[in-house]
Amino acid sequence: MARIIKHRAVIQDNWQLLEQESGGSLPSDGDVVVPLELWMRERDTLSSRLGHIGVWLQTDADPSTIAQDLARFEVIAVRFASFTDGRGYTLARLLRERHGYRGELRAIGDVLRDQLCYLSRCGFDAFALRADQNPEQALSAFDDFAEAYQATVERPEPLFRRRLQPDPQRKAA
Amino acid sequence: MYRYDEIDQRIVDERVSQFRDQTRRHLAGELSEDDFRPLRLQNGLYIQRYAPMLRVAIPYGLVSSAQLRRLAHIARAYDKGYAHFSTRQNVQFNWPRLDEVPEILAELAEVQMHAIQTSGNCIRNTTTDHFAGVARDEIVDSFVWCELIRQWSTLHPEFAYLPRKFKIAVSGSAADRAATWVHDIGLHARRSAEGDGAEQGAGVDGAEQGAVGFRVIVGGGLGRTPIVGHAIREFLPWRHLLTYLEAILRVYNRYGRRDNKYKARIKILVKELTPAVFAHKVEEEWSHLKGGPATLIEEEVRRIEGRFTRPAYARLPPRDAFLEAMLAADKAFANWHRRNVHPHKVPGYAAVTLSLKRTGAAPGDVSAAQMDAIAGLAERYSSGELRVSHEQNLIFADVRASDLHALWREIKPLGLAAPNIGLLTNIIACPGGDFCSLANAKTIPVAEAIQRRFDDLDYLHDIGELDLNISGCMNSCGHHHIGHIGILGVDKQGEEFYQISIGGAQGADASLGKVIGPAFARERVPEVIEKLIEVYLAERESEEERFIDAVRRIGIEPFKDYVYGTNHQTPRRNSRQLAVA
């Protein structure tokens, strides 16, 4: 079992991630994150099995293909082949802001301490860091910047609108 | 100057702390070079041919005397006593030590400066007209809009890892002095005419007649695939500026190519999709963002405006008797005035270009002593601030006409009074092979050799307006494609050669130069330039016809023939001109 960061704390993770072409042996129960292609192919079988279901996407996935299914997922994971692949950031915002996904959104793959702040602003709330990273030491990254100019998933109003609000609200935001 | 408020300051301070920690981890071996590279690039730090190079942001080219003094201090304390102003209106230090960079950034933060996003595949420094706020043909003060874009793009969480770098330029006036057609996004301020809103199906935008908006151009660029951009929206009401930019960036971030860095700029995406299809995707994306929380509000535009310091202009007569007397009495001063002094919207004031293009100095280079002196002069003559132009010169924007002669006398001994603005020797050049690890060839000795060849001032003025731009490689930092004459350093079996193009131009009638033929060895370049000039002088219809106009009229063939010797006759002044003479 792996340790991941969720909601800014390090936790034990029980989800099993099914690789792209794993030969198909789906565990009969337990929580599993399946590749998008498998979900598209075997939606009904997957929905009827015991255990929770999640789906993982490549960064170039089109979120509208699963827009109707979002309520069925406990987890959506986005796999970064490289942390410099910015498409995953847009994908997260689209899932959260356009399609209203509320479940866990997890960054997996080449995920490092120094991207956590931006990833989190784009809507990721869980992070399976690359194996060489220390999750405890990475937690401080969320506080690298107290403010952001932009509208983000964390704070849907941009700074220039929040400036107009009375102080207490700004702090609560 | 835009003055930071406490939040602006905190963000810059936090960036310093973050980078200090990243550098520490890198030096301690906890952060590998591969993992560190994108992080340091987002903070302007390259590892160059001989040492790191740190590029410091000068947002839209505006810098105060206090900031310039700090740059001079950094040049002395951490570098070799000079700095280089780039065509991105930024400033570069070529010899800092990696472990001292966090200290340099902390010193910069104390004067409200930073190196955020001066490199890397992110949104870079937004550039604009160096006469913003003082130009007579101004529609809006572009500094305000640039600052709004600066804040929006600074540490934007979604757009830090784009397929490639991304550059935005804003023009606030009728003439385009910001090369907006060759940027990833170019914005032209406009006032709406009747029908602007309705035509775009934007009746709810409140685009009342005379309201400010922008023409939006995408997909221009230089580099190895030079392209003039496409206008995808003729009038975007100002409120929608940020959401529309967000839509463009999002389409680019999702669909721009990531498999080949030479095909990763937005211009390739726009070309491959076609501008119409790209525009359609942007509009589709924008339909979700339009009217959302990032829509600008008047309070914010006014707040930003209010944080800019403004000179307190005196009421002065439009003509200054002392200036006129000096112009009549002193030919050298008059020459300088003709080339380096520019009209101002307030009567009795002028804008002045301090040339960083004196023969023998690398274009854009300035010493610590010069920076200190310039800072002092800016305080005495021009409200304590100055601008860096994309032509790598410095501008004093608010000089009293009656002070021009005194200012000229003070900048002459500093080597800043070369009367060559707009002329051939006002060469734009990247640092080239002397500094840059990407360069195929040196640029500085080429610039100097050309300046030496054309050191006769009367001849230079006779040649008239001419932009000569030099890049040391295809990355085109010297903007050679839009030089009336462009020179590009190329590598031929390990030797430095120079390919020459003519017919490029910046501004409203932007065009890309055409290569005249095979490249030349370095020592032949000045002679080739001279031959091009000879053809021009022989062919021009009058002194009013500039080099670029002549190239457009007669094409490149006559130039090519003469330079490559297919026509051995010396060009002769044409009959029309002889008749006039």
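Just so it is clear, none of the values below were taken in a lab; they were calculated from the coordinates. Quick caveat: nothing in here was measured; it's all calculated off a predicted structure. Positions of Cβ are backbone-derived with ideal geometry, glycine not excepted, and every protein chain shown enters the neighbour counts.
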Exercise. Which FRET efficiency, nearest 0.05, do B:ASP462 and B:ARG358 yield, Cβ-Cβ r, R0 25 Å?
Worked result: 0.80
Exercise. Which entries in the list B:LYS331/B:LYS357; A:LYS6/B:LYS261; B:LYS492/B:LYS560 go over 26 Å, if you measure between the two C-alpha atoms of each?
Worked result: A:LYS6/B:LYS261
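Divide, for chain B, the radius of gyration over alpha carbons by 2.2 N^0.38 Å, where N is the residue count. Intermediate results must be reported in sequence, preceding the final value.
Values: Rg = 23.7 Å, N = 581, 2.2 N^0.38 = 24.7 Å.
That works out to 0.96 for chain B.
When every alpha-carbon pair in the stretch B:428-580 is counted, what percent end up more than 20 Å apart?
Working: 5493 of 11628 pairs.
Here the long-distance tail beyond 20 Å is 47 percent of all Cα pairs in the stretch B:428-580.
Percent relative contact order of chain B, based on C-alpha pairs within less than 8 angstrom and at least six residues apart? The partial results should precede the final answer.
On the way: 1207 pairs, mean separation 69.6, N = 581.
Averaging sequence separation for qualifying contacts and normalising by length gives 12 percent for chain B.
Evaluate peptide B:293-303: per residue, the Cβ atoms of other protein chains within 10 Å of its Cβ; return the mean as an integer.
Working: counts 9, 7, 3, 3, 4, 0, 4, 6, 1, 0, 3.
Across the residues of B:293-303, the mean count of other-chain Cβ atoms within 10 Å is 4.
Could the peptides B:465-472, B:407-414 be put in order, highest first, of the mean number of other beta-carbon atoms found within 10 Å of their residues?
Answer by packing, highest mean first, reads B:465-472, B:407-414.
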Problem set entry | Ellipticity estimate at 222 nm from DSSP helix runs (n ≥ 4, -39,500 (n - 2.57)) divided over chain B, nearest 500 | -11000 deg cm²/dmol
Exercise. What dipole magnitude, in Debye to the nearest 20, does the protein assembly as shown give about its Cα centre under +1 on Lys/Arg Cβ and -1 on Asp/Glu Cβ?
Worked result: 500
For this session: Work out the FRET efficiency for A:LEU50 and A:ARG3 from their Cβ-Cβ distance, taking R0 = 30 Å, and round it to the nearest 0.05.
Result: 0.75
Exercise. Over the stretch B:413-510, what is the percentage of antiparallel beta bridges among all DSSP beta bridges, to the nearest 5?
Worked result: 55
For this session: Select from B:VAL63, B:ILE482, B:HIS288 the residue farthest towards the positive end of the dipole of chain B; place +1 on Cβ of Lys and Arg, -1 on Cβ of Asp and Glu, and compute about the Cα centre.
Result: B:ILE482
For this session: Calculate one ³J(HN,Hα) per residue across the stretch B:112-129 by plugging θ = phi - 60° into the Karplus curve 6.51 cos²θ - 1.76 cosθ + 1.60, and present them in order as whole Hz with x for glycine and proline.
Result: 6, 10, 7, 10, 5, 6, 8, 7, x, 8, 9, 7, 8, 4, 6, 10, 7, 4
Exercise. What distance in nm separates the simple spin-label points at B:GLN9 and A:SER64, each placed 7 Å from Cα in the Cβ direction?
Worked result: 4.7
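When the helix-only estimate is applied to chain A (DSSP H runs of n ≥ 4, each -39,500 (n - 2.57), divided by the residue count), what is the mean residue ellipticity at 222 nm, nearest 500 deg cm²/dmol?
Numbers: 7 runs with 39 residues, N = 173.
Using -39500 (n - 2.57) per qualifying helix, the result is -5000 deg cm²/dmol.
Subtract the Cα-Cα distance of B:ILE554 and B:ARG97 from 0.36 nm times their separation in residues, and report this length gain in nm to one decimal. If you can, show how the numbers build up before the last one.
Values: separation 457, 0.36 × 457 = 164.52 nm, distance 5.19 nm.
Separation in residues times 0.36 nm, less the Cα-Cα distance, equals 159.3 nm.
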Seminar exercise, completed: Under 5 Å from the placed amide H of A:GLN16, counting only residues 5+ away or on other chains, we find A:ASP31, A:VAL32, A:VAL33
Exercise. Given the C-alpha centroids of the stretch B:478-539 and the stretch B:286-329, what is the distance between them in whole angstrom?
Worked result: 37
For this session: Calculate, axis by axis, the spread of Cα positions in the stretch B:330-411 along the three principal axes, and write the results as whole Å, longest axis first.
Result: 35, 28, 23
Exercise. What are the ³J(HN,Hα) values, in whole Hz, obtained from phi via the Karplus relation 6.51 cos²θ - 1.76 cosθ + 1.60 with θ = phi - 60°, for each residue of the stretch B:263-270 in sequence order, with x given for Gly and Pro?
Worked result: 10, 9, 5, 4, 4, 6, 4, 4
Problem set entry | FRET efficiency for A:GLN12 and B:ARG76, using Cβ-Cβ distance with R0 set to 45 Å, rounded to 0.05 | 0.25
For this session: For the stretch B:412-504, give the magnitude of the charge dipole about the Cα centre (Cβ charges: +1 Lys/Arg, -1 Asp/Glu; no others), in debye to the nearest 20.
Result: 180
For this session: No other cysteine beta carbon under 4.7 Å away is the test; run it over the protein assembly as shown and list who passes.
Result: A:CYS117, A:CYS122, B:CYS122, B:CYS146, B:CYS436, B:CYS473
For this session: Counting only C-alpha contacts under 8 Å and six or more residues apart, can you give the relative contact order of the stretch B:6-110 as a whole percent?
Result: 31
Exercise. Around B:ARG233, which amide H atoms from residues at least 5 apart in sequence, or from another chain, sit under 5 Å from its own amide H, with H modelled in the peptide plane?
Worked result: B:VAL216
Exercise. Quick one: if you take sqrt(5λ) for each eigenvalue of the C-alpha gyration tensor of the protein assembly as shown, what semi-axes come out, biggest first, whole angstrom?
Worked result: 49, 28, 26
Problem set entry | Built amide H within the under 5 Å cut-off of B:ARG164, gap 5+ | none
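For the stretch A:19-156, what is the convex hull volume of the alpha-carbon atoms per residue, in Å³?
Values: hull volume 15.8 nm³, N = 138.
So the per-residue hull volume is 115 Å³.
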For this session: Using the Karplus curve 6.51 cos²θ - 1.76 cosθ + 1.60 with θ = phi - 60°, work out ³J(HN,Hα) for each residue of the stretch A:39-46 in order, rounded to whole Hz, and write x for Gly and Pro.
Result: 4, 5, 7, 10, 3, 5, 4, 5
